[in-house]
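The values are calculated or read from the model by the stated rules, or taken from the named source; none is laboratory data. Because the structure is predicted, anything quoted here is derived from the model rather than measured. Cβ: placed from backbone, ideal geometry, glycine included. Neighbour counts: every protein chain shown. Accessible surface areas use protein heavy atoms only, side chains included; no ligands, DNA or RNA. Shrake-Rupley method; radii C 1.70, N 1.55, O 1.52, S 1.80 Å.
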Amino acid sequence: MKPAITILCLGLIFISCKKSSVSHYQSQGIITGYDLRTCAECGGLFITIKNDTTKNAPPHYDINESLQQLGINPNAKFPINVSLNWMHDTTALGRYGYIIVTKIKVIN
């Protein structure tokens, strides 16, 4: 009878455990402002990636999206601390320091 009770208790413990909702992000970054080099209404942001280990990493990267497209309040004040997953842009824009953000979350 004791093994049955032990198995039952262990089963209840495993059922009651919740999976962690913590998402893992590869980097921390700071969105420092708008990229206005092409035009004021074209969108684009400057971001600094903390602890970037990319060889010859630039001081900042460019994101070819607006705050709204990233799901961030467009009225947010700079600098904006974020956690993000990203990759280098392999198109022609990548030569100019653009990255593609695959997941982003504002850190308060």
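Things to note:
- Some residue of segment 84-96 being out of contact with any Leu (no Cβ under 6 Å at 6 or more places or on another chain), among the small types (G, A, S), modelled with pLDDT of 85 or more and outside any strand (DSSP E or B): no
- The one condition in (1) touching a residue at least 24 places away in the same chain (Cβ under 8 Å); (2) open to solvent by 90 Å² or more (accessible area, probe 1.4 Å) that G71 fails to fulfil: (2)
- Complete set of residues in segment 36-48 that are modelled with pLDDT under 85 and crowded, with 16+ Cβ neighbours inside 10 Å: G43
- Of the residues making up segment 51-69, those that are more than 12 Å from T32 (Cβ to Cβ) and charged (D, E, K, R) are D52, K55, E65.
- For segment 49-69, filtering for residues that are modelled with pLDDT under 90 and hydrophobic (A, V, I, L, M, F, W, C) leaves 1.
- Among the residues of segment 77-108, just one is open to solvent by 30 Å² or more (accessible area, probe 1.4 Å) and of a type in the set (G, A, S), namely A92.
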